[in-house]
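**Q** For reference, the structure I am asking about is given below.
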Amino acid sequence: MTLRILAAGGTFDKRYDPISGTLGFGDTHLHEIVARARLAQPVTVEVAMLIDSLEMTEQHRQVLLERCRAAAERAIVIVHGTDTMVETAGVLGQAGLDKRIVLTGAMQPYSVAGSDALFNLGFAMGWAAGAEPGVWVAMNGVAHVWHDVRKNRERGVFEPLSAGQGPDQP
């Protein structure tokens, strides 16, 4: 299996700037991560954009869709910001491409100690290798199909749309 990883930005690729005291973008960390991982299968890393997902527009989502459509690989992982990952998954899912597209990200930047970035990327890559064709959101060891997922901002996790919405739930 060959795999394409598309960098879209998000917290995953942010870096701390000690001068300004803010998080921002430099280059993607994905090239370094892939080199360190010593993967047995070919992986192509492509930087589509490096933006905060809160700044992502419909035009940005269309760029990601076109990159997925044009990719020769049938397995694609998109590293994306978590705030609007579900919206992008919806655009990709509605396109109905015959590929395995997995969106992932991080709650803490890769460059910060204790980050979940490496685990989430590894899990997403494994999911892309064996999942059915479709669009998935893979975070924290769980993958959800694109049309049944939401970000629970209070708990900081992704969960099915129906989670917490039963008659006895708040």
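**Q** So in region 119-150, with the set limited to residues that are of a type in the set (A, V, I, L, M) and at pLDDT below 95, which one is surrounded by the fewest Cβ atoms within 10 Å (Cβ to Cβ)? Don't jump to the end; show me each part of the working.
**A** Residues of region 119-150 of a type in the set (A, V, I, L, M): 121, 124-125, 128-129, 131, 135, 137-139, 142-143, 145, 149.
When the remaining residues are screened for being at pLDDT below 95, the result is 129, 131.
Numbers: ALA129: 14, ALA131: 18.
Of everything passing the filter in region 119-150, ALA129 is surrounded by the fewest Cβ atoms within 10 Å (Cβ to Cβ).
**Q** From the list MET125, MET107, which residue is outside any strand (DSSP E or B) and within 21 Å of ALA40 (Cα to Cα)?
**A** MET125
**Q** Now a separate question. I'd like the residue in region 128-149 that is in a helix (DSSP H, G or I) and touching a residue at least 60 places away in the same chain (Cβ under 8 Å) and, out of all such residues, is farthest from LEU39 (Cα to Cα).
**A** Of everything passing the filter in region 128-149, ALA128 is farthest from LEU39 (Cα to Cα).
**Q** I'm trying to understand the selection: among the residues of region 4-27, which are free of Cβ contacts under 8 Å to residues at least 40 places away in the same chain and of a type outside the set (D, E, K, R)?
**A** We begin by selecting, within region 4-27, every residue free of Cβ contacts under 8 Å to residues at least 40 places away in the same chain; these are 17-22, 24-27.
Residues satisfying the conditions are PRO18, ILE19, SER20, GLY21, THR22, GLY24, PHE25, GLY26.
**Q** Where residues in region 10-38 are assigned to a loop (DSSP other than H, G, I, E, B) and exposed (fewer than 12 other Cβ atoms within 10 Å of the Cβ), which of them is modelled with the highest pLDDT?
**A** Selected residue: ARG38.
**Q** Could you go through region 69-80 and let me know if any residue there is assigned to a helix (DSSP H, G or I), at pLDDT 95 or above and over 12 Å from the mean Cα position of the chain (by Cα).
**A** Looking through region 69-80, at least one residue is assigned to a helix (DSSP H, G or I), at pLDDT 95 or above and over 12 Å from the mean Cα position of the chain (by Cα).
**Q** Could you please give the count of residues in region 81-93 that are assigned to a loop (DSSP other than H, G, I, E, B) and small (Gly, Ala, Ser)?
**A** First pass over region 81-93, keeping only residues assigned to a loop (DSSP other than H, G, I, E, B): 81-84.
From the residues that got through so far, the ones that are small (Gly, Ala, Ser) too are 81.
Residues meeting the conditions: 1.
**Q** Here's another thing I want to ask about it. Has region 101-111 got any residue that is in contact with a helix residue (DSSP H, G or I) (Cβ under 6 Å, 6 or more places away or on another chain), of a type in the set (Gly, Ala, Ser) and farther than 21 Å from VAL157 by Cβ? Write out each step before concluding.
**A** Taking region 101-111 and keeping what is in contact with a helix residue (DSSP H, G or I) (Cβ under 6 Å, 6 or more places away or on another chain), we get 101-106, 109-110.
The next check asks that each one be of a type in the set (Gly, Ala, Ser); those that pass are 105-106.
Then drop every residue that is not farther than 21 Å from VAL157 by Cβ, which leaves none.
No, region 101-111 contains no residue that is in contact with a helix residue (DSSP H, G or I) (Cβ under 6 Å, 6 or more places away or on another chain), of a type in the set (Gly, Ala, Ser) and farther than 21 Å from VAL157 by Cβ.
**Q** Take the residues in region 84-108 that are within 14 Å of ASP13 (Cβ to Cβ) and touching an Asp or Glu at 6+ places or on another chain (Cβ under 8 Å); name whichever of them is surrounded by the fewest Cβ atoms within 10 Å (Cβ to Cβ).
**A** The extreme case among them is GLN108.
**Q** ALA75 fails exactly one of the following numbered conditions: (1) crowded, with 21+ Cβ neighbours inside 10 Å; (2) closer than 18 Å to PHE12 by Cβ; (3) hydrophobic (A, V, I, L, M, F, W, C). What is the number of that condition?
**A** Failed condition: (2).
**Q** Moving on to the next point. So which of ALA113, ALA48 is among the small types (Gly, Ala, Ser), in a loop (DSSP other than H, G, I, E, B) and within 20 Å of MET139 (Cβ to Cβ)? Working first, answer last.
**A** Details: ALA48 fails: in a loop (DSSP other than H, G, I, E, B).
Result: ALA113 is the single residue among ALA113, ALA48 that is among the small types (Gly, Ala, Ser), in a loop (DSSP other than H, G, I, E, B) and within 20 Å of MET139 (Cβ to Cβ).
**Q** I'm trying to understand the selection: among the residues of region 34-51, which are under 19 Å from MET1 (Cα atoms), of a type in the set (Val, Ile, Thr) and within 15 Å of the chain's Cα centre (by Cα)?
**A** The answer is VAL45, and nothing else.
The values are calculated or read from the model by the stated rules, or taken from the named source; none is laboratory data. This is a predicted model, so every value here is computed, not measured. Positions of Cβ are generated from backbone atoms using ideal geometry, with glycine treated the same way; all protein chains shown enter the neighbour counts.
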